[in-house]
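A short reminder: the numbers here are calculations on the coordinates, not readings from a lab. Source: prediction; values computed, not measured. Reconstructed Cβ throughout: ideal geometry from the backbone, glycine too, with neighbour counts over all protein chains shown.
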Amino acid sequence: MGLLLPLAVCMLATSCMVASLPEQVLMPSPLLLSHGCNNSDVLAVAGFALQDINSDRKDGYVLSLNRVNNVQEHRQDALGSVYYLTLDVLETDCHVLSKKAWRDCGERILHQSVYGQCKAIIYVNKPRRILYSPAYNCTLRPVSRRKIRSRCPDCPSPSPTDLSDPKVLEAATESLAKYNKESTLKQYSLFKVTRASSQWVFGPSYFVEYLIRELPCTKSPGTACILQLPDSPPVGICKGSLSKRGLEKFVDVSCNFFESQELVRILTVEEPQQKNTALTDSPSEVAPKGSVQHLPELEDEQPEDSKGKSPVEAFPVQLDLTTNPQGETLDVSFLFLGPMKEQLVVLPFPKEEQRSAECPGPAKMDNPLVLPP
Ligand SMILES: *[C@@H]1O[C@H](CO)[C@@H](O)[C@H](O)[C@H]1NC(C)=O
Ligand SMILES: *[C@@H]1O[C@H](CO)[C@@H](O)[C@H](O)[C@H]1NC(C)=O
């Protein structure tokens, strides 16, 4: 509970602002410590940061940690440390609204992988059991299909399909209709298609994933249920497919429902975590700020003869709470219960050249096709 309370307070605080540091207290170029990227403390902080990123997001799929790419620690005297993390990540098959922990989510198969990089700033105060991430940003790209094809030209695999393709909507609608028909009581409507691919099997086949909402009426023969609660949230995610052979249609569907948020909250409050590391937390209580940017496959952007042009950063991720090389203060008093004003010093995100020889760390999936260059 000692941890949960300050974090709840943190959620209510609106004045989590960066303020300029007065000239006279500027420190001589602050010391950043490099750590190995396979260090167990670093991995624990990285795992928490990613959990935090996932729980902050409202859209997209849960990201899992593939490897720690870089880490710098900035010690803050008695207050603990601020870590600057660069993480190489992979998209999993769990939607963020499922609120599943990234470790519990499945990997995508190689030719459907989406991978990228996140940067996160995270404040760690072990004695006070505080973990707080004021900011993150990520950039993702789908795996290069050209590279996959060049390795395995004859491997059949579905190609990603534009979500606005009417065939995609048809596959979602038809598969959901099948689900509703087989459902004994509740009825669902399509909220949003989240992923789609297509492949020629014995005719055109479309594979879709989509969020569904619950309709506020139960099944009764002969009546259409079109009423919709205006703000009803998605309650689950379905995987469906529609394949055609001549005039024959084959429809497949399976749906998974999200745990209700109320239930998740009760469980986190009633089960204080008793692990021996201080790096545990209730992720749903923290609200870091950031976004996940989706870019196209790498090759699409880089023409063959890019000579003369300055090299484009493959996974640009901007994360700077300040541009002042001396740093600026970040008020974190709301994380503490006392009346004291507690301030951290945050720096511009360290450059990539500053890194330990033991970075990047070992990758869980070390195929170069899913590792940012
Ligand atoms: C995160 O990235 C966006 C652009 O994708 C940028 O506008 C924003 O300033 C970044 N956040 C920080 C804290 O740098
Ligand atoms: C990373 O750490 C684990 C556990 O400490 C160890 O088993 C593994 O060999 C290490 N890997 C590398 C590449 O150092």
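Roughly what would the spin-label model give for residue 31 and residue 357, points 7 Å off Cα along C-beta, in nm? Simple spin-label model gives 2.1 nm for this pair. 3J(HN,Hα) along segment 234-251: x, 10, x, 10, 10, 10, x, 8, 9, 10, 10, 9, x, 8, 7, 10, 10, 10 Hz, from the Karplus curve 6.51 cos²θ - 1.76 cosθ + 1.60 with θ = phi - 60°, whole Hz, x for Gly and Pro. Rg and Dmax, both from the Cα atoms of segment 56-180 and both in Å, are 19.3, 61. Legend: ranking of residues 217, 94, 118 from fewest to most surrounding C-beta atoms inside 10 Å; resulting order 217, 94, 118. Peptides 101-110, 246-255, ordered by how many other C-beta atoms sit within 10 Å of their residues on average, highest first, read 101-110, 246-255. For the Cα trace of segment 80-124, dividing Rg by the Kirkwood Rh returns an Rg/Rh value of 1.07. When 92, 329 are arranged by Cβ crowding within 10 Å, least crowded first, meaning fewest neighbours, the order is 329, 92. The HN-Hα couplings worked out from phi for segment 90-105 by the Karplus form 6.51 cos²θ - 1.76 cosθ + 1.60 (θ = phi - 60°) are 10, 6, 9, 9, 9, 6, 4, 5, 6, 6, 6, 5, 4, 5, 8, 9 Hz, whole numbers, x standing for Gly and Pro. Around the amide H of residue 321, modelled in the peptide plane, lie the amide H atoms of 349, all under 5 Å away and 5 or more residues distant in sequence or on another chain. Stretched out straight at 0.36 nm per residue, the stretch from residue 248 to residue 146 would grow longer than its current Cα-Cα span by 33.5 nm. Ordering 33, 190 from the fewest to the most neighbouring beta carbons within 10 Å gives 33, 190. The label point for residue 313 and the one for residue 101, both projected 7 Å from the Cα toward the Cβ, are 3.2 nm apart.
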